[in-house]
Amino acid sequence: IGTFIPPENPIARSILAGNSYKGRAFVAGDWYIKAYEPIKGRTGNVIGALSVGVKERSAHFFEEEIKQLIFNNTSLIVT
């Protein structure tokens with residue numbers, strides 16, 4: 001809520017053109033995997049954007065998560 005995206009930013013350009021954006025975004029000092037969807041007013045002009053995201057994690061974190069996986073024939077069991 002209330003996040004400012006400079007107009008020269010690729011995310012802002014996509015949203016202001018009426019298109020969604022999916023990808024990496026640097027927000028409040030951290031990298032996120034984000035999706036933005038423009039919110040349009042009655043006349044079709046962009047008045048805002050809906051955004052969801054998940055903070056990126058380090059490769060070390062994913063390495064530890066992968067070590068927790070157990071493969072059983074063709075199925076995967078998450079412990």
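Can you give the charge dipole size of the range 1-44 about its Cα centre, rounded to the nearest 20 debye, using +1 on the beta carbon of Lys and Arg and -1 on the beta carbon of Asp and Glu?
Working: 6 positive and 3 negative charges, 35 e Å.
Charge dipole of the range 1-44: 160 debye, to the nearest 20.
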Report summary line: For Pro10, the net charge from surrounding residues (Cβ-Cβ under 14 Å; K, R +1; D, E -1) works out to +3
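Each value in this text was obtained by applying a stated rule to the coordinates, not by laboratory testing. Just so we're clear, the structure is a prediction, and the values are computed from it rather than from any experiment. FYI the Cβ positions are ideal-geometry reconstructions off the backbone, even for glycines, and counts take in every protein chain you see.
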